[in-house]
Amino acid sequence: MPTISILSPLILLVVAPLLHPGAMASQQLYLDGETLPPDFVYGCATSAYQIEGAWNVDGKSPSIWDHFLHNKTTNDVTYGATGDVANDFYHKYPEDLPLFRNALGVGTYDFTISWTRIMPAGRGPLNDKGLQFYKNVIDTSNKLRMSNICTLYHWDLPQSLQDEYGGWLDRKIVDDFRGYARAVFKALGNKCSHWVTMNEPRTFCTEGFSSEPDFAPGVIGTYKERFTCMHHALLAHAAAVDEFRLGGYKGKIGIKVDGGVSLPLNPASAADQAAAARAMDFEVGWDVAPLYTGDYPPSLIASGVPMKFTAAEKQLLKGSVDFIGLDFYTSQWVTASKHCKPSSGSYPECTETYQQNPSTLIDIGRPTASDWNFDAPHSTIYGGIKYLAEHYNATNIMISETGMGVLNETNFPLEQILEDVDRIAWYRGVLTAMKQALADQLPLVGFIPWSCIDNFEWTDGYNVRFGLINVEYDGAGKGSQKRNPKLSGAFSAFLPFPRLDQRGVSGAYLRGVLTHGNPINPYNFESS
Ligand code: PNW
């Protein structure tokens with residue numbers, strides 16, 4: 001019947017999102033005019049502490065980041081900035097989400113849940129108002145035809161658990177994380193197409209427990225503390241995945257890991273090759289190997305690990321990801337450290353890293369605001385995907401974060417901030433590397449630039465910006481909070497770049513390359 005055939009696509013349009021949240025993101029994506037796989041994920045990411053603000057509103061209790069920054073005597077964060085207000089996303093999400101959808105063209109919004117907003121005591125009763133906020137974020141995303149990647153933990157542990165037993169250093173955290181995960185899945189489990197248990201355990205464990213910790217909880221630690229934190233984080237991840245699978249929820253679950261790629265300084269030197277392999281084991285394999293093999297890399301174990309997994313734990317860890325997110329921002333060269341002892345800074349990895357070749361003085365890539373953020377897309381993005389696929393047989397690999405920080409971007413004239421050609425060059429490189437990965441049949445399934453919007457950049461406060469959308473505030477986070485999409489947010493494959501006055505707000509960049517098939521005229525885009 002003709003009526004049905006006319007109506008059915010409409011009905012599908014309305015019903016499909018209800019059937020499967022991931023289906024909403026299934027817009028046809030293109031990369032330089034070539035079609036990407038139909039289920040390829042293109043999103044953008046943020047994290048709770050970095051954007052929400054409202055740190056003590058509607059029943060939220062303090063996280064370790066609230067506590068750390070409120071109590072710092074030597075405040076390394078520029079201008080004493082905190083995430084107390086940040087982007088005020090807690091109140092501004094109704095205007096921000098349409099901007100992500102329309103200015104960036106993303107089909108997925110990747111956000112993280114603040115543990116203390118929805119479970120203020122760290123365990124026990126849920127805070128309805130906090131939970132309602134995340135339901136609203138998801139429902140608003142869905143109405144805009146965006147699916148969600150939802151992360152349980154992006155570094156904001158309840159301060160109460162830190163005070164009670166030292167947080168990640170105590171085994172009790174594994175049960176508390178399991179309980180938190182169970183409650184979140186029960187409330188929101190089927191609403192997200194993808195779940196991430198935690199963001200970058202290696203970063204929060206190494207930066208939070210170093211000899212001069214500049215991340216919360218700011219506990220001075222040695223390799224033993226960092227390792228203990230990682231060990232518990234991995235077990236907590238496995239426990240959360242166990243809960244998810246026991247609950248039979250619909251989406252996929254994984255983790256996001258960081259690390260970057262280490263290359264031998266002298267590719268012809270066997271010692272440098274061994275150092276690079278060791279660096280990859282200690283920095284990437286440290287958390288990745290247990291997910292695929294059930295245990296730490298053999299080189300790590302041989303170096304003398306402070307803690308071991310039981311047989312039951314190995315079983316729970318092995319295969320505990322449906323997908324893996326790589327938060328890869330750089331590459332580095334390495335050599336073997338001479339005279340490495342237990343007291344050496346790089347022990348037990350025993351490598352020296354270089355962003356600049358000491359003999360040729362050539363940088364590994366284009367420098368940016370930070371020494372862990374060199375623009376070397378082929379080794380970082382293509383190389384990272386290939387490493388995971390080859391060493392761990394990883395499937396379903398996502399580039400779940402990459403991006404370029406600009407120092408003091410806020411001090412530039414607005415026109416210059418928005419004409420962010422350096423960041424565009426960064427993403428051009430990333431897209432080329434991803435294209436190569438796909439051409440080589442590597443299992444790349446998604447791309448999530450960091451970040452949808454400028455935000456609180458941890459120890460750099462508001463002075464280093466990663467956003468595809470600018471926020472008008474100063475280095476201390478004070479200002480009008482006006483949002484202005486940058487040119488990078490709508491990245492085009494083609495030079496010369498359109499001038500600001502020629503392109504309008506929707507622009508042509510990532511949105512152009514990834515969401516439209518017309519590489520000839522990058523300005524000819526739909527308006528929604
Ligand atoms: C990511 N490092 O982490 C985080 O997931 C984001 O929260 C953060 O804003 C983004 O990178 C940009 O920094 C990293 O010091 C944090 O090497 C620090 C490092 C690397 C990644």
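Just to check your reading of the model, which residue among Gly429, Gly477, Gly489 is at pLDDT 95 or above, within 23 Å of the chain's Cα centre (by Cα), open to solvent by less than 50 Å² (accessible area, probe 1.4 Å) and among the small types (Gly, Ala, Ser)?
After ruling out the rest, the residue left standing is Gly477.
Test Ala275 against the stated conditions and say whether it is of a type in the set (A, V, I, L, M), away from the ligand (no atom under 16 Å from the Cβ) and in contact with a Lys or Arg (Cβ under 7 Å, 6 or more places away or on another chain).
On the way: of a type in the set (A, V, I, L, M): yes; away from the ligand (no atom under 16 Å from the Cβ): yes; in contact with a Lys or Arg (Cβ under 7 Å, 6 or more places away or on another chain): no.
It is false that Ala275 is of a type in the set (A, V, I, L, M), away from the ligand (no atom under 16 Å from the Cβ) and in contact with a Lys or Arg (Cβ under 7 Å, 6 or more places away or on another chain).
Could you tell me which residue of the stretch 252-289 is modelled with the highest pLDDT, considering only residues that are assigned to a loop (DSSP other than H, G, I, E, B) and surrounded by 23 or more Cβ atoms within 10 Å (Cβ to Cβ)?
Initial filter on the stretch 252-289 (assigned to a loop (DSSP other than H, G, I, E, B)): 259-260, 265-269.
Of the ones still in play, those that are also surrounded by 23 or more Cβ atoms within 10 Å (Cβ to Cβ) are 259-260, 265.
Numbers: Gly259: 89, Gly260: 89, Leu265: 98.
So the residue we want is Leu265.
Under 9 Å between Cβ atoms, which residue pairs at least 6 apart in sequence (or on different chains) link something in the stretch 243-261 that is within 16 Å of His194 (Cβ to Cβ) and within 12 Å of the ligand (Cβ to nearest atom) with a partner that is assigned to a helix (DSSP H, G or I) and open to solvent by 40 Å² or more (accessible area, probe 1.4 Å)?
If the second residue must be assigned to a helix (DSSP H, G or I) and open to solvent by 40 Å² or more (accessible area, probe 1.4 Å), the pairs left are Val257/Arg202.
Go through (1) open to solvent by 10 Å² or more (accessible area, probe 1.4 Å); (2) at pLDDT below 95; (3) under 23 Å from the mean Cα position of the chain (by Cα) and name the single condition Leu442 misses.
Condition not satisfied by Leu442: (2).
Assess whether Lys72 counts as being charged (D, E, K, R), at pLDDT below 95 and out of contact with any strand residue (DSSP E or B) (no Cβ under 9 Å at 6 or more places or on another chain).
Criteria met by Lys72.
Give just the number: which of (1) assigned to a loop (DSSP other than H, G, I, E, B); (2) more than 16 Å from the ligand (Cβ to nearest atom) does Leu438 not satisfy?
(1)
Step by step: first the residues of the stretch 464-476, then only those that are under 10 Å from Asp454 (Cβ atoms) and part of a loop (DSSP other than H, G, I, E, B), then the one that is farthest from the ligand (Cβ to nearest atom). Which residue is that? Show your work before the answer.
Initially, the stretch 464-476 is screened for residues under 10 Å from Asp454 (Cβ atoms), giving 464-473.
Next, from what is left, pick out any that are part of a loop (DSSP other than H, G, I, E, B): 466-468, 472-473.
Details: Phe466: 5, Gly467: 10, Leu468: 13, Glu472: 19, Tyr473: 16 Å.
So the residue we want is Glu472.
From the list Ala336, Ala289, Ala389, Ala394, pick out the single residue that is farther than 25 Å from Arg226 by Cβ and of a type in the set (A, V, I, L, M, F, W, C). Don't jump to the end; show me each part of the working.
Values: Ala336 fails: farther than 25 Å from Arg226 by Cβ; Ala289 fails: farther than 25 Å from Arg226 by Cβ; Ala394 fails: farther than 25 Å from Arg226 by Cβ.
Among Ala336, Ala289, Ala389, Ala394, only Ala389 is farther than 25 Å from Arg226 by Cβ and of a type in the set (A, V, I, L, M, F, W, C).
Do we find a residue being part of a helix (DSSP H, G or I) and buried (at least 21 other Cβ atoms within 10 Å of the Cβ) anywhere in the stretch 299-306?
Within the stretch 299-306, the first condition is being part of a helix (DSSP H, G or I), and the residues that meet it are 299-302.
Adding the requirement that they be buried (at least 21 other Cβ atoms within 10 Å of the Cβ) leaves none.
No, that holds for no residue.
For Glu207, work out the one condition from (1) open to solvent by 30 Å² or more (accessible area, probe 1.4 Å); (2) in contact (Cβ under 8 Å) with a residue 24 or more places away in the chain it doesn't fulfil.
(2)
Kindly indicate the residue of the stretch 153-162 that is more than 15 Å from Thr46 (Cβ to Cβ) and not in a helix (DSSP H, G or I) and also nearest to the ligand (Cβ to nearest atom) among those meeting that condition.
The first filter runs over the stretch 153-162 and keeps only residues more than 15 Å from Thr46 (Cβ to Cβ), leaving 157-162.
Imposing the further condition that a residue be not in a helix (DSSP H, G or I) reduces the set to 157-158.
Numbers: Leu157: 15, Pro158: 19 Å.
Among residues in the stretch 153-162 that are more than 15 Å from Thr46 (Cβ to Cβ) and not in a helix (DSSP H, G or I), the one nearest to the ligand (Cβ to nearest atom) is Leu157.
Quick grid of which residues meet (1) of a type outside the set (Ser, Thr, Tyr); (2) open to solvent by less than 20 Å² (accessible area, probe 1.4 Å); (3) within 21 Å of Asn266 (Cβ to Cβ); (4) within 16 Å of the ligand (Cβ to nearest atom):
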residue: Ile324; (1), (2), (3), (4): yes, yes, no, yes
residue: Ser331; (1), (2), (3), (4): no, yes, yes, yes
residue: Ser343; (1), (2), (3), (4): no, no, no, no
residue: Tyr347; (1), (2), (3), (4): no, no, no, no
residue: Asn357; (1), (2), (3), (4): yes, no, yes, no
residue: Ile364; (1), (2), (3), (4): yes, no, yes, yes
residue: Asn373; (1), (2), (3), (4): yes, yes, no, yes
residue: Val406; (1), (2), (3), (4): yes, no, no, yes
residue: Glu415; (1), (2), (3), (4): yes, no, no, no
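Just one of (1) within 16 Å of the ligand (Cβ to nearest atom); (2) modelled with pLDDT of 95 or more trips up Tyr382, so point out which.
For Tyr382, the exception is condition (1).
Return the residue satisfying two criteria in turn: it lies in the stretch 37-51 and is open to solvent by 10 Å² or more (accessible area, probe 1.4 Å) and not hydroxyl-bearing (Ser, Thr, Tyr), and of such residues it is farthest from the ligand (Cβ to nearest atom). I'd like the intermediate steps shown before the answer.
Step one: of the stretch 37-51, the residues open to solvent by 10 Å² or more (accessible area, probe 1.4 Å) are 37-39, 41, 49.
Within this subset, residues satisfying the condition of being not hydroxyl-bearing (Ser, Thr, Tyr) are 37-39, 41.
Working: Pro37: 25, Pro38: 28, Asp39: 24, Val41: 17 Å.
Filtering first and then ranking leaves Pro38.
Which condition from (1) of a type outside the set (Ser, Thr, Tyr); (2) closer than 16 Å to Thr203 by Cα; (3) more than 16 Å from the ligand (Cβ to nearest atom) is the one that Met280 breaks?
Condition (3) is where Met280 drops out.
Might you check whether a residue that is within 15 Å of the ligand (Cβ to nearest atom), part of a loop (DSSP other than H, G, I, E, B) and farther than 14 Å from Val406 by Cα occurs anywhere in the stretch 441-449? Before you say what the answer is, go through the steps one by one.
Taking the stretch 441-449 first, the residues within 15 Å of the ligand (Cβ to nearest atom) are 448-449.
Next, from what is left, pick out any that are part of a loop (DSSP other than H, G, I, E, B): 448-449.
Checking which are farther than 14 Å from Val406 by Cα leaves us with 448-449.
Yes: one or more hits.
For the list (1) among the small types (Gly, Ala, Ser); (2) farther than 19 Å from Gly107 by Cα; (3) in contact (Cβ under 8 Å) with a residue 24 or more places away in the chain, I need the number of the one condition that Gly446 fails.
Result: Gly446 fails condition (2) only.
Taking only the stretch 63-83 into account, find how many residues are touching a residue at least 40 places away in the same chain (Cβ under 8 Å) and either open to solvent by 70 Å² or more (accessible area, probe 1.4 Å) or part of a loop (DSSP other than H, G, I, E, B) (or both). Walk me through how you get there before you give the answer.
Step one: filter the stretch 63-83 for residues touching a residue at least 40 places away in the same chain (Cβ under 8 Å), giving 63-69, 72, 76-83.
Remaining after also requiring either open to solvent by 70 Å² or more (accessible area, probe 1.4 Å) or part of a loop (DSSP other than H, G, I, E, B) (or both): 67, 72, 76-77, 79, 81-83.
Looking only at that region, the number is 8.
Is the stretch 374-386 home to any residue that is over 19 Å from the mean Cα position of the chain (by Cα) and hydrophobic (A, V, I, L, M, F, W, C)?
Scanning the stretch 374-386, I find no residue that is over 19 Å from the mean Cα position of the chain (by Cα) and hydrophobic (A, V, I, L, M, F, W, C), so the answer is no.
Looking at the stretch 210-229 only, could you name the residues that are within 16 Å of the ligand (Cβ to nearest atom), open to solvent by 10 Å² or more (accessible area, probe 1.4 Å) and in a helix (DSSP H, G or I)?
Within the stretch 210-229, Arg226 is the sole residue that qualifies.
Suppose we filter the stretch 182-209 for residues that are more than 16 Å from the ligand (Cβ to nearest atom) and touching a Ser or Thr at 6+ places or on another chain (Cβ under 7 Å); how many remain?
1
Taking the stretch 450-463 as the search range and keeping residues that are of a type in the set (A, V, I, L, M, F, W, C) and under 14 Å from Cys44 (Cβ atoms), which one is nearest to the ligand (Cβ to nearest atom)?
Pass one, the stretch 450-463, residues of a type in the set (A, V, I, L, M, F, W, C): 450, 452-453, 456, 458.
Then keep just the ones that are under 14 Å from Cys44 (Cβ atoms); that gives 450, 452-453.
On the way: Trp450: 5, Cys452: 12, Ile453: 11 Å.
Ranking the candidates gives Trp450 first.
Which condition number in (1) buried (at least 22 other Cβ atoms within 10 Å of the Cβ); (2) out of contact with any strand residue (DSSP E or B) (no Cβ under 7 Å at 6 or more places or on another chain) is the one that Asn393 fails?
Against the list (1) buried (at least 22 other Cβ atoms within 10 Å of the Cβ); (2) out of contact with any strand residue (DSSP E or B) (no Cβ under 7 Å at 6 or more places or on another chain), Asn393 comes up short only on (1).
The values are calculated or read from the model by the stated rules, or taken from the named source; none is laboratory data. These numbers come from a predicted model, not from an experiment. Methodologically, a virtual Cβ is constructed for each residue, glycine included, from the backbone with ideal geometry; neighbour enumeration extends over all protein chains shown. For the accessible areas, the whole protein counts, side chains as well, though only heavy atoms, and no ligand, DNA or RNA atoms are used. Shrake-Rupley method; radii C 1.70, N 1.55, O 1.52, S 1.80 Å.
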